[in-house]
Structure formats: structure tokens, C-alpha cells
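Scroll down for the structure; my scribbles are underneath it.
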Amino acid sequence: MIYSFVLVVHSWLRWAVLLLGLLSLVRSVQGWTQRKPWTPADRKASAAFVGALDAQLLLGLLLYVVLSPLRPTSLAALKAAMPVAALRFFAVEHVFLMIVAVAVAHVASARAKRAEDPTARHRRIALGVLFSLLLVLAAIPWPFLPYGRPLFRF
């Protein structure tokens with residue numbers, strides 16, 4: 001029961017991550033290209049994206065480590081899962097890419113905070129959010145993939 005609930009929340013939260021990422025990306029690209037000052041709204045958009053990514057990672061790790069019946073429980077099970085695309089995707093690729101995406105977003109946010117120049121701050125956020133979003137998009141089990149999942153779970 002709790003597995004299904006967390007899985008639904010994890011599925012829906014991806015849309016918040018994507019929307020907040022796009023919002024942060026648009027704001028930072030505009031700030032970068034138009035040399036706008038760094039505003040509290042820019043900081044909030046960036047922080048909301050990173051916060052949503054953190055929440056998504058927390059739910060994903062809860063699913064993977066505690067609740068999921070699909071996680072490999074030994075090195076032998078992991079080795080056996082590698083030739084099967086769907087098992088490999090959820091056991092290794094999805095988890096790895098999402099952790100890297102969160103790390104990229106955090107590094108970009110930290111580097112942006114240290115930037116003195118608003119243009120540099122916007123550029124660092126824009127590039128960090130862009131790379132993070134690309135990793136997230138690559139790691140989502142889209143319905144058209146062999147191991148795809150529904151766009152919306154209920």
C-alpha cells in the first residue's frame with residue numbers, strides 16, 4: 001500500500017521538477033542574455049527546482065532502498081539484471097542519472113551563489129539547470145521506451 005502511494009507521488013512530482021526546471025531555465029537564460037540583475041524571484045525559482053529535485057531523490061531512494069520489490073539485493077542479482085534492459089534501467093541507469101542530475105543542480109546553485117556578477121550567476125544557473133534537466137529527461141521511463149511507465153499514475 002505505501003509502495004503504491006510513494007510511487008504515485010514520485011510519478012507526479014516529476015512534473016513539478018520539469019516545470020520548475022523550465023521556469024528556472026527560462027529566467028536564468030533571460031537574465032544571462034539580457035544582463036538582468038539577480039532578483040529574489042530568480043533565487044526562488046532556482047531554489048524551488050533544487051528543492052523539488054531533492055524531494056524527488058528522497059522519494060526515489062525510499063522506493064529503491066526500502067520499498068521496491070525490484071531492487072537487486074546482492075551483487076549476483078545485480079549481475080543477473082544487467083542483460084535485461086528494464087531491470088538494468090531501474091537498478092542502475094535511472095538511479096545513477098538522477099543522482100548525477102541532483103548533484104549537477106546543487107553544484108550549479110552553489111557556484112552561482114559565489115558569483116559576484118549577476119550575469120555570471122544567471123549563466124551558472126542556466127547551464128546547471130540545462131544539464132540537470134537533460135539528465136532527468138534521459139532518466140525518465142517514458143511510455144514509448146521498452147521499459148516505459150505511464151505519464152500519469154493514479
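The values are calculated or read from the model by the stated rules, or taken from the named source; none is laboratory data. Computed from a predicted model, the values in this text were never measured in an experiment. Note: ideal-geometry Cβ built from the backbone for every residue, glycine included; neighbour counts use all protein chains shown. Note: accessible area is taken over every heavy atom of the protein model, side chains too, but ligands, DNA and RNA are not part of it. Shrake-Rupley method; radii C 1.70, N 1.55, O 1.52, S 1.80 Å.
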Legend entry - Residue count for region 22-38, restricted to those that are under 24 Å from the mean Cα position of the chain (by Cα) and among the β-branched types (Val, Ile, Thr): 2
Inset, instruction - Please verify whether region 130-151 includes one or more residues that are assigned to a loop (DSSP other than H, G, I, E, B), open to solvent by 70 Å² or more (accessible area, probe 1.4 Å) and basic (Lys, Arg). - result: yes
Legend entry - Looking only at region 70-83, and only at residues there that are open to solvent by less than 70 Å² (accessible area, probe 1.4 Å) and closer than 20 Å to residue 140 by Cα, the one that is nearest to the chain's Cα centre (by Cα): 72
Legend entry - Only listed residue being open to solvent by less than 70 Å² (accessible area, probe 1.4 Å), among the basic types (Lys, Arg) and modelled with pLDDT of 95 or more, chosen from 14, 35, 27: 14
Legend entry - Which listed residue, of 41, 105, 47, is surrounded by 20 or more Cβ atoms within 10 Å (Cβ to Cβ) and of a type outside the set (Ser, Thr, Tyr): 105
Legend entry - Test: residue in region 31-48 that is among the aromatic types (Phe, Trp, Tyr) and not in a helix (DSSP H, G or I): yes
Legend entry - Hey, residue 91 touching a Pro at 6+ places or on another chain (Cβ under 9 Å), open to solvent by less than 60 Å² (accessible area, probe 1.4 Å) and small (Gly, Ala, Ser) or not: yes
Inset, instruction - Report whether or not residue 100 is within 14 Å of residue 130 (Cα to Cα) and either among the charged types (D, E, K, R) or surrounded by fewer than 17 Cβ atoms within 10 Å (Cβ to Cβ) (or both). - result: yes
